[in-house]
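The values are calculated or read from the model by the stated rules, or taken from the named source; none is laboratory data. Predicted, not measured: the structure shown is a model, and the values here were computed from it. Positions of Cβ are generated from backbone atoms using ideal geometry, with glycine treated the same way; all protein chains shown enter the neighbour counts. To get the accessible areas, we keep the full protein, side chains included, count just its heavy atoms, and leave off ligands, DNA and RNA. Shrake-Rupley method; radii C 1.70, N 1.55, O 1.52, S 1.80 Å.
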Number of protein chains: 2
Amino acid sequence: MGKKHIMVLGAGLVGSLLSTMLAKKGFKVSLYERRPDMRKTQLDGGRSINLALSKRGLKALEQIGIDHKVKKMCIPMHGRMIHDRAGNLQMQPYGMNGEFINSISRAGLNELLMNEAERNGVKIYFDHKCTDVDFDKPEAKFENEQGEVTVGADFIFGADGAFSALRNAYLKTPLFNYSQQYITAGYKELVIPATPDGDFAIASNALHIWPRGSYMLIALPNLDKSFTVTLFFPMKGQTSFETLSHKEAVQEFFEKEFADATELMPTLVDDFFGNPTSGLVTVRCNPWVKGKTALIGDAAHAIVPFYGQGMNAGFEDCFVLGQLLDKHEDLNRDLLKEYEALRIPDAEAIADLALYNFIEMRDKVADPQFILQKKIEKRLNELYPKKWLPLYPMVTFSDLRYSEAHAIGKKQQAIMDEVLKQPSVANNWEQLDFEALVEKLG
Amino acid sequence: MGKKHIMVLGAGLVGSLLSTMLAKKGFKVSLYERRPDMRKTQLDGGRSINLALSKRGLKALEQIGIDHKVKKMCIPMHGRMIHDRAGNLQMQPYGMNGEFINSISRAGLNELLMNEAERNGVKIYFDHKCTDVDFDKPEAKFENEQGEVTVGADFIFGADGAFSALRNAYLKTPLFNYSQQYITAGYKELVIPATPDGDFAIASNALHIWPRGSYMLIALPNLDKSFTVTLFFPMKGQTSFETLSHKEAVQEFFEKEFADATELMPTLVDDFFGNPTSGLVTVRCNPWVKGKTALIGDAAHAIVPFYGQGMNAGFEDCFVLGQLLDKHEDLNRDLLKEYEALRIPDAEAIADLALYNFIEMRDKVADPQFILQKKIEKRLNELYPKKWLPLYPMVTFSDLRYSEAHAIGKKQQAIMDEVLKQPSVANNWEQLDFEALVEKLG
């Protein structure tokens, strides 16, 4: 493999991982980041504080040999802990065999990935804002403190996030298909601090959900024993961020809807008015490759956070690219087009799944029919572990392509819809003909 | 109504009509156009040469009192003239009662509308390229030959087309939903000139179609007795613009597929390689209003041309705005939000209908089932003229809202799908229970 020079735009999670992977495969890699070095400066976010890392993300970290380091930063979450209005708890395990997802700090992981990139010879240029890209040369223009610079490379990857500069340059070209769609809910981050004696205030091994129909609160544990709490809530309308406009309204609303959590949030009202309200966007586009440039991660496929797959999908892009580099033994346009053809259908699938999962999390997890379905699917999996893996573990704990998981999930749901229509199935589900159900999957 | 100052971006068809309407209602109107004055300079297009003007467009021209002038520039087209491979012709009337659509020159109509705007006191600034807009002040930045100017107004309308500068400014704001989707076909314009003795080479009172399954040729008459011919054809793939890459291939393909037209196109091959190949995009967005600015026409809702409604939809935007101005007696943000709420669902509907009509035009018009359906629907309309108006005349010759027409059209199609499933319906359709069919519409 030749010592080609690869430029990566964006030193976020995906850009830093991609740069490390490319450097390990022998490329010269330059990584350009719009913001200052987060390892030296406190950045205020607008980005989520912690994330869920699962199989697909770990696979990419294994590919570059740092999964063990990363695992030390993780807090396992074995299931959803559902909180009803009365404060009753119900644990719904994620996996069929004790599998778990991992709560991890976005900043912590990003810093580790930047360090790994530099350790492998990647040069990172901070405070460089990309303003334009020539796809064919290829070269990129940047604004920095000194003024404007233009830099060339053999290939350029845009790992520059949901508001990608490279993708904005694509947008000015003919025949580029593009869509950005916001859901009607936005989100705001809050906090449950550690207890006075330095412990987790609620169970640490779960992703906590307060499902309330059209909105929800969730909480993920942090290493410092606090929880990052996120309210997903309508942006406009009768019960919305617009109507929670003064302190008393917020306090009263939280006490009524999320009483057990509110007790644990001493800074609730200050956080509510001090922290930003952010939108939730799905970005889809096609193509991902133009000339000698390509999009990757959120730049190619920003998704809503409800499947916990945003980072994992971006890391899987890198993993697939790494596999293709091993196969082609060089980076060229054919490889990029193969990457694009493989990943666009998978990105479409996880975008759809993530949108659907908001409904599941905020509403269905509290529904007896949903809980019954989970029970039946668990039994199906126990009896036919190779033939029936429910959708959530298929997406989260397997590395089946997202597009295949989505297709299988639709078939499973159609079968389960039929089953759940049967009268008194809640009482006699154990007498179902499980083999016949599995055979319907084909 | 106060003498507010309105800025309109884009002196195309919709911008010029809108400016005239606003000036007639007593506003001071400034119209800014990126290109030079088309009345003084030959512009090379990239835009279609002629268009179909129908009810909704005419209604807006009536509103500003110039429908009579425009009608003099029109050539009526009473139906689709279908050409099969053998050169056989079949006329499919558009209306139930002799209604017709009008072929009109884009440039001719645009020049007339610019003249009308100026006659009503609108000041047009040519060679002004809008580079940015402040929505709240509001003001717009332009580049012109002298450099950069910033101009303020009370309200700004973006009538600046499918690649709108105002919409591009919206795209940089949070929570803006946006989609641009190209279909896999593009188009190229060709010509059938007048005969040596100065007559139309084929029937002038029809829109000619050579439907060929996955592609088609169409022809619309011009006042100079020529026809503008448009090939709608896949951009990529086995039979596509990519594969028609040399003169012999083009000539041979046309002779095989469109023999009767090819005889009448002496400059076919030169035109084919001299004229651009253009893409076909659908643009959808939401909101259309930000601060004291609003989108209108293609800037808000670019659609594919297959229903002949692009210009008509844009003109109807102006008509609706004119009605709202009469109702509110002033231009303000409430009025703009009402315009937006009324027009977004209608724009969504005509965008969908236009996409569907490509399939109808290139494929279904040659299908015996389609022709049978048209016969049955014609009978339904004769028997129940107030209850059953087929979709095409509903969209083209009525001013029912596009969204309502679309909803009724879906119901009609579901009823007709059932009817067409009946065995030997082709032979005994006259014995159908027509009253029962009409009643199913509800």
Angle between chain B longest axis and helix B:310-328 axis [Cα atoms, degrees, rounded to 10]: 50
On Cα atoms only, tilt of A:13-24 relative to the major axis of chain A in degrees: 50
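Need one number for chain B: average projected area of the convex hull over its C-alpha atoms, nm².
23.1
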Calculated Rg and Dmax of the stretch B:44-153 using C-alpha coordinates, Å: 20.2, 62
Average Cα contact separation per residue, chain B, under 8 Å, 6 or more apart, as relative contact order %: 18
With every protein chain in place, the protein assembly as shown: carbon and sulfur % of accessible area (1.4 Å): 50
Per-copy distances of the B:Asp399 label point, shortest first, in nm (7 angstrom along Cα→Cβ): 6.3
Evaluated at q = 0.15 Å⁻¹: base-10 log I(q)/I(0), Debye formula over Cα of the stretch B:183-279: -0.56
DSSP bridge pairs, chain B: antiparallel proportion in percent, nearest 5: 75
Label spacing, shortest first and in nm, from B:Arg35 to its equivalents in the remaining copies (7 angstrom along Cα→Cβ): 4.4
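Please compute the contact order of the stretch B:183-279 in relative form: average sequence separation of alpha-carbon pairs under 8 Å and at least six residues apart, divided by the residue count, as a percent.
Working: 155 pairs, mean separation 35.3, N = 97.
Normalised by residue count, the contact order of the stretch B:183-279 is 36 percent.
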Accessible area that becomes buried as A packs against B, both chains, 1.4 Å probe, Å², nearest 100: 1100
Rounded to the nearest 20 debye, dipole of the protein assembly as shown from Cβ charges on Lys, Arg, Asp, Glu: 120
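Relative contact order, percent, of the stretch A:367-440 when contacts are C-alpha pairs under 8 Å separated by at least 6 residues?
Dividing the mean separation by the residue count of the stretch A:367-440 yields 35 percent.
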CD proxy at 222 nm, helix term only [per DSSP H run n ≥ 4: -39500 (n - 2.57); per residue of chain B; nearest 500]: -12000 deg cm²/dmol
Student exercise, the stretch A:367-440 dipole from Lys, Arg, Asp, Glu Cβ charges, in Debye to nearest 20: 140
Computed over the stretch B:367-440, the ratio Rg/Rh where both radii use C-alpha atoms and Rh is Kirkwood: 0.96
Farthest toward positive dipole pole in the stretch A:367-440 [+1 Lys/Arg, -1 Asp/Glu at C-beta], among A:Asn427, A:Ala414, A:Val395: A:Val395
Sites B:Ala107 and B:Lys236, calculated FRET efficiency, Cβ-Cβ separation with R0 25 Å, nearest 0.05: 0.20
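Where the only charges are on Cβ atoms (+1 Lys, Arg; -1 Asp, Glu), what is the dipole of chain A about its Cα centre, to the nearest 20 debye?
Here chain A has a charge dipole of around 820 debye.
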Inter-copy separations for B:Leu420, label at 7 Å along Cα-Cβ, nm, ascending: 3.6
Estimated vicinal HN-Hα couplings, Hz - the stretch A:296-305 in sequence order (Karplus 6.51, -1.76, 1.60; Gly, Pro = x): 8, x, 4, 4, 8, 7, 5, 10, 6, x
Cα-derived Rg to Rh of the stretch A:209-339, Kirkwood definition: 1.15
Chain A: most fluctuating residue of A:Val133, A:Val122, A:Val149 per GNM, C-alpha cutoff 10 Å: A:Val149
For the axis carrying chain A to chain B: nearest C-beta residue of A, whole Å: A:Ser179, 2
Accessible area per residue in Å² at 1.4 Å probe, computed on the stretch A:1-127: 43
For the protein assembly as shown, the spread of Cα positions along each principal axis, largest first, Å: 96, 73, 63
Normalised alpha carbon radius of gyration of the stretch B:264-324 [divisor 2.2 N^0.38 Å]: 1.62
On Cα atoms only, tilt of A:333-362 relative to the major axis of chain A in degrees: 30
Violating pairs (Cα-Cα greater than 18 angstrom) within the set B:Lys386/B:Lys440; B:Lys25/B:Lys337; A:Lys25/A:Lys123; A:Lys24/A:Lys71: B:Lys25/B:Lys337; A:Lys24/A:Lys71
